Ligand code: NIG
Ligand code: FE
């Protein structure tokens, strides 16, 4: 079954071989067949296909790649958000509130929550997403969190090292032993990645090294939450270990920026977190100008950022992080793919996965120009 999408006013391909960042084509068409893009070119030269869809001059972009979310949870923390907006500061300790609710929920309840949030994401143009555990913090609760996440994506991340579980508050070393031992063993069959929240109040550099090394030995690729609440060693550790991506990057020294550039580690910015915690937005401009690859992701979670919307994050990145609309759209598509080590998504070139978003707008710029407006007219997902 082949589909021709034609009369596309502006097609964002993210073709790495193009002269411009987004590989924009005007008056374009795309053919998809068997779940992959099979042809891209001028609408006037499009080959025949089984079905034809007329985009009526609107824009088509690659589906968003959300490389960072925490969708396996129960409950919410609206009161915590309300208190922050009245002047309280964000504290990672709030994670334990969600841990209690998550442990009390059945697998079916957790899966229903993930399904609801994944559907929200899809309506807003996300076609590839990563999901982390990290609200179970026991062997069984981490394993079942990942088992639930795996029903929705192959990009699952074991985040047993989110914070020290409450029962281990007096013995963090024993908790690290649990994470690197029985918990990792139970989690690894359901995960592709391992992550550590490397931050004051969570895990320090040595603990992060130990946990990432154990994960690597179990076949999991590493990623880090780092430099979210203040400067620290996490970003430099990610670069030293040559990790694919390091996420948050809110507080960066010049040395951190240079280390990211030299290592080729993707900096994943999460502007919804700064929106929701009132921390200062990091500068995407500074990173891009230094030659660092930047991704934008949602970090959707009930504590620090409860949005599932990459269009919202794109608008924030443009308004608050010094990025152009084109850079922000790239960061939420090809950038997200880079943050997951993927080349089959985030681009619309022959051979890529047939994940496309039709905008109710003539250009990608409208995603930031018309913030808060539901511009995703429809998605096609392989
Ligand atoms: O990515 N930084 C740590 N973890 C999450 C927040 C989790 C929470 O507050 O529940 C984050 O922001
Ligand atoms: Fe996160």
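On the basis of being part of a helix (DSSP H, G or I), more than 24 Å from residue 283 (Cβ to Cβ) and under 17 Å from the mean Cα position of the chain (by Cα), does residue 149 make the cut?
So residue 149 fits the description; yes.
Within 13 Å of ligand 1 (Cβ to nearest atom), buried (at least 17 other Cβ atoms within 10 Å of the Cβ) and at pLDDT below 95: does that describe residue 92?
yes
If a residue must be over 18 Å from residue 328 (Cβ atoms) and either more than 19 Å from the chain's Cα centre (by Cα) or modelled with pLDDT under 95 (or both), how many such residues does the range 355-372 contain?
Here the count works out to 2.
Of all the strands (runs of 3 or more DSSP E) wholly in the range 24-97, which have at least 1 residues that are in contact with a helix residue (DSSP H, G or I) (Cβ under 8 Å, 6 or more places away or on another chain) and farther than 30 Å from residue 146 by Cβ?
Counting at least 1 such residues, we get 24-33, 59-62.
Given 290, 331, 297, which one is away from ligand 2 (no atom under 16 Å from the Cβ) and buried (at least 18 other Cβ atoms within 10 Å of the Cβ)?
Step by step, each of 290, 331, 297 is checked, and only 331 is away from ligand 2 (no atom under 16 Å from the Cβ) and buried (at least 18 other Cβ atoms within 10 Å of the Cβ).
Do we have residue 215 as in contact (Cβ under 8 Å) with a residue 12 or more places away in the chain and out of contact with any strand residue (DSSP E or B) (no Cβ under 7 Å at 6 or more places or on another chain) here?
no
Name the single residue that is nearest to residue 65 (Cα to Cα) among those in the range 311-340 being in contact (Cβ under 8 Å) with a residue 40 or more places away in the chain and assigned to a loop (DSSP other than H, G, I, E, B).
If we take residues in the range 311-340 being in contact (Cβ under 8 Å) with a residue 40 or more places away in the chain and assigned to a loop (DSSP other than H, G, I, E, B), then 333 is nearest to residue 65 (Cα to Cα).
Please verify whether residue 308 is in a loop (DSSP other than H, G, I, E, B), within 16 Å of ligand 1 (Cβ to nearest atom) and touching a strand residue (DSSP E or B) at 6+ places or on another chain (Cβ under 6 Å), treating the condition exactly as stated.
Against the criterion (in a loop (DSSP other than H, G, I, E, B), within 16 Å of ligand 1 (Cβ to nearest atom) and touching a strand residue (DSSP E or B) at 6+ places or on another chain (Cβ under 6 Å)), residue 308 qualifies.
Looking at 191, 187, 238, which one is under 28 Å from residue 286 (Cα atoms) and either more than 16 Å from ligand 1 (Cβ to nearest atom) or within 20 Å of the chain's Cα centre (by Cα) (or both)?
The unique qualifying residue is 238.
I'm told residue 115 meets every condition in (1) more than 16 Å from ligand 2 (Cβ to nearest atom); (2) surrounded by fewer than 15 Cβ atoms within 10 Å (Cβ to Cβ); (3) part of a loop (DSSP other than H, G, I, E, B) except one. Can you identify the failing condition by its number?
For residue 115, the exception is condition (3).
Given the structure, is residue 134 without any contact (Cβ under 8 Å) to a residue 60 or more places away in the chain and buried (at least 24 other Cβ atoms within 10 Å of the Cβ)?
Judged against the criteria, residue 134 is not a match.
With the requirement that a residue be under 15 Å from residue 203 (Cβ atoms), more than 24 Å from the chain's Cα centre (by Cα) and either within 16 Å of ligand 1 (Cβ to nearest atom) or crowded, with 24+ Cβ neighbours inside 10 Å (or both), what does the range 152-174 give you?
165
Going by the conditions given, is residue 201 over 21 Å from the mean Cα position of the chain (by Cα) and touching a residue at least 60 places away in the same chain (Cβ under 8 Å)?
yes
The values are calculated or read from the model by the stated rules, or taken from the named source; none is laboratory data. Keep in mind that what you see is a predicted model, and the values were worked out from it rather than measured. Note that we place each Cβ from the backbone using ideal geometry, even for glycine, and neighbour counts take in every protein chain shown.
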